[in-house]
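Take a look at the structure below.
None of the figures in this text is laboratory data; all of them are computed from the coordinates on show. The structure displayed is predicted, hence computed values, not measured ones. Note that each Cβ is placed from the backbone with ideal geometry, even for glycine, and that neighbours are counted across all protein chains shown.
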Amino acid sequence: MIDAAGAQRRLLWLTALRWLPVGVTFGLTALLPLERGLSLVEVGAILSLQGIVALVLELPTGGLADTLGRRPVLLIAALIGLASTVLFVLAQDVAGFAVAMLLQGVFRTLDSGPLEAWYVDAAHTADPAAPVEQGLARAATVLGVSIAAGALGGGLLVAWGPLPGTSALVLPFLVSLALSAVSVVVTAVLVVEPPRRRRRMREAAAGSSGLRGALRLIRRSPILRALLAVEVFWAVAMVAFETLTPVRLAELAGGEDAAGALFGPASAAAWGLFALGSLLAGRAARRWGVAVTAALARILNGAFVVVMGVVAGPVGLLAAYGASYLSHGAASPMHNTLLHRQADASTRASVLSANAMVSGGVYSAGLLALTVLAEHTGTGIAFAAAGAFSVFGALCYLPAWRAERAADRP
């Protein structure tokens, strides 16, 4: 049996391999379609397909992970992710990119909870008192470092552009594809679920747990409903700092290729700050509590997104962009820790999927709205509106904060 420390080490390795390929193409997902002739509104529409798929499939796929096991769902997801990357590189029109993003949405829904659920279950099986919030914070730190390293490499690949007759934006996607293939192999080796554990999961799902248990839990738990509501606000801010930043940078830098080369180092620095924020959040949680840390990080994140919309010039934009990722990194592991407190082994992946479903659905709606707003009024106003709206999500942490205070009383 894997001990808690061993489960954490595996989580960190798998997190690094999962997110390094994402870093290599980070920011280029919007630029490649723009370079191939799509409008900003069309790009917003095709990227929103991920969230639409998440809205439809997240809960069923989360229940699948609780029923069949984390490992097979992770492997199926990874193979679909490889196919979506191939189609994205080959796409030349709206229909081609749309099919690629539909598959990417399926990949994201299958991938959005099983690894983390596997870690928490493995750690608690070995040690019921294991402080999983520290492991999740370290995993978020590794995630940030991995994306930072990948983004730096992706930016250098764009600047290098060694493939004659081919867009400089294509090579990072090919490198990402190779790294993702390695991740599939390592996942197959490191994620181990004993047969007896899989049988228990199937038996639990056939009873009152799994997807049905998660839905019942959502109905009964005001804390969980409030945590899911946080995503309504947070996802709108993510549209701005995660998707629209390279578009705004392209406007200021004079083109997609120039923005791709600049955005690589900038996003590498931002994800390094994400990693730092995750590290600091683990320490802050020990002092102030998980809920307070999450709420403060959300407030700061929304404020920095507003700053991104009102500053003039690329230097101010990228400085605020880095600060938004610092606070984003602090918020993510704390939010997920609060979700895990509301779940058990038989509903854990389903609860994470419910959270991702809300996030993905709102992200899609926000992406459609903000790209239209940006096209008609400018990206600055879109950023300011998204950030101001997202700040109010911190209020949704109040039920979790009250419960945390009550649990801490003698």
Quiz item: If you put +1 on each Lys and Arg Cβ and -1 on each Asp and Glu Cβ, how big is the dipole of the chain around its Cα centre, in Debye rounded to 20?
Solution: 1620
Quiz item: Quick one: if you stick a label point 7 Å off each Cα along the C-beta vector at D93 and A178, how many nm between them?
Solution: 3.3
Practice problem: Calculate, for R405 and R36, the FRET efficiency according to 1/(1 + (r/R0)^6) with r their C-beta to C-beta distance and R0 41 Å; round to the nearest 0.05. | Solution: 0.15
Quiz item: Rounded to the nearest 20 Debye, what is the dipole magnitude of region 324-410 about its Cα centre when Lys and Arg each give +1 and Asp and Glu each give -1 at the C-beta?
Solution: 280
Quiz prompt | Projected area, mean over directions - region 277-369, Cα convex hull, nm² | solution = 7.1
Quiz item: Peptides 276-285, 352-361, 313-322: what's the order by average Cβ count within 10 Å, highest mean first?
Solution: 352-361, 276-285, 313-322
Practice problem: Report the residues of region 90-108 in range of a label on L163: point 7 Å along Cα→C-beta, backbone N strictly under 14 Å from it. | Solution: 90-92
Quiz item: Taking the alpha-carbon centroid of each part, what is the distance from region 71-125 to region 384-410 in angstrom?
Solution: 30
Quiz item: For region 276-366, what's the relative contact order in percent, using C-alpha pairs closer than 8 Å and at least 6 residues apart?
Solution: 35
Practice problem: Taking the dipole about the Cα centre of region 249-394, with the C-beta of Lys and Arg at +1 and of Asp and Glu at -1, give me whichever of A268, M334, Y321 is farthest to the positive side. | Solution: M334
Quiz item: Hey, how many Å between the Cα centroid of region 1-21 and the Cα centroid of region 294-347?
Solution: 23
Quiz prompt | Lys/Arg +1, Asp/Glu -1 at C-beta; region 78-187 dipole; positive extreme among V182, A148, G161 | solution = G161
Self-check item: Rel. contact order, % - alpha carbon contacts under 8 angstrom, at least six apart, the chain
Solution: 28
Practice problem: Can you figure out the FRET efficiency of R287 with R216, using R₀ = 41 Å and their beta-carbon distance, to the nearest 0.05? | Solution: 0.75
Quiz item: If you put +1 on each Lys and Arg Cβ and -1 on each Asp and Glu Cβ, how big is the dipole of region 274-384 around its Cα centre, in Debye rounded to 20?
Solution: 460
Quiz prompt | Helix-derived mean residue ellipticity, 222 nm - over the chain, DSSP H n ≥ 4, -39500 (n - 2.57), to 500 | solution = -29000 deg cm²/dmol
